[in-house]
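Enquirer: Before we start, here is the structure in question, set down as structure tokens.
Throughout, read-outs are computed from the coordinates displayed, never taken from laboratory work. What you see is a predicted model, and the numbers here were worked out from it, not measured in a lab. For neighbour counting, all protein chains shown are included, and Cβ atoms are generated from backbone atoms with ideal geometry for every residue, glycine included.
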Amino acid sequence: MADQIIVADNRRARFDYFIEEVIEAGLVLSGTEVKALREGQTSLAEAYASLEKGEFFLINAHIPEYKAGNRQNHELRRPRKLLLNKREMAKLAQAVDRRGMTLVPLKMYFNARGIAKLELAIARGKKLHDKLDT
């Protein structure tokens, strides 16, 4: 994993959630989104993934506007489709159906081939006393 270029890290996620399992997912991005990711300043702080019409989407992730972009620039917080295989999708859908489980993005990065990836965790929310213990 030394060949990763980390673009965004959700440090708060490990404090707010018990991480059960981690899955790597691809992202469907536009050209200006990829260029803005390479510049940095991306935030996963309030982001989550949800199942809509049989597909998973990353909701509320903030990718800033690309400075050199023109009128075809992307929306800052638009839903972004996640690329997963059928087995992973079934596992995530089953996990979300369980009570108290959610899908939290841990980090966004470029892999060794330069492809944008998202590390997605199946997580359970912590209570206040759990956070104090942490």
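Enquirer: Between ALA116, ALA49, ALA90, find the one with the highest GNM mean-square fluctuation for the chain; connect C-alpha pairs within less than 10 Å.
Expert: Per the Cα network of the chain with a 10 Å cutoff, ALA90 tops the list.
Enquirer: Here is a follow-up. Build a GNM of the chain with springs between Cα atoms under 10 Å: which of ILE115, ILE19, ILE59 gets the top mean-square fluctuation?
Expert: ILE115
Enquirer: Between helix 86-97 and the chain, what is the angle of the helix's C-alpha long axis to the longest principal axis, kept within 0 to 90° and rounded to the nearest 10?
Expert: Tilt relative to the chain: about 50 degrees.
Enquirer: Next up: Expressed as a whole number of Å, what is the distance separating the alpha-carbon centroids of segment 36-67 and segment 97-134?
Expert: First find each Cα centre; the distance between them is then 13 Å.
Enquirer: Using amide H atoms built 1.01 Å from N in the peptide plane, name the residues 5+ places from TYR17, or on other chains, whose amide H lies under 5 Å from its own.
Expert: Correct list: LYS126.
Enquirer: Now for a separate question. What trypsin sites (Lys or Arg not before Pro) in segment 34-134 are in a loop by DSSP, with at most 11 other Cβ atoms within 10 Å of the Cβ?
Expert: Here the sparse-neighbourhood loop sites are LYS53, LYS67, ARG71, ARG98, ARG99, ARG113, LYS127.
Enquirer: Here is a further query. Can you compute the radius of gyration and Dmax for the chain, using only the Cα atoms, both in Å?
Expert: Over the chain's Cα set, Rg and Dmax evaluate to 15.2, 49 Å.
Enquirer: In Å, what is the Rg of the alpha-carbon atoms in segment 46-104, and how long is Dmax?
Expert: In Å, with Rg to one decimal and Dmax whole: 14.2, 44.
Enquirer: Given the pairs LYS35/LYS91; LYS86/LYS107; LYS91/LYS126; LYS35/LYS126; LYS35/LYS117; LYS35/LYS86, which span a C-alpha to C-alpha distance of over 26 angstrom in this model?
Expert: Where the Cα-Cα span goes over 26 Å, the pairs concerned are LYS35/LYS91; LYS35/LYS126; LYS35/LYS86.
Enquirer: Now a separate question. Return the single residue from ALA112, ALA45, ALA123 with maximal mean-square fluctuation; model: Gaussian network over the chain, springs between Cα atoms under 10 Å.
Expert: Largest GNM mean-square fluctuation: ALA112.
Enquirer: Using the charge dipole of segment 5-133 (Lys, Arg: +1 at Cβ; Asp, Glu: -1 at Cβ; taken about the Cα centre), state which of TYR17, ASN60, VAL104 has its Cα farthest towards the positive end.
Expert: Positive-most Cα among the choices belongs to ASN60.
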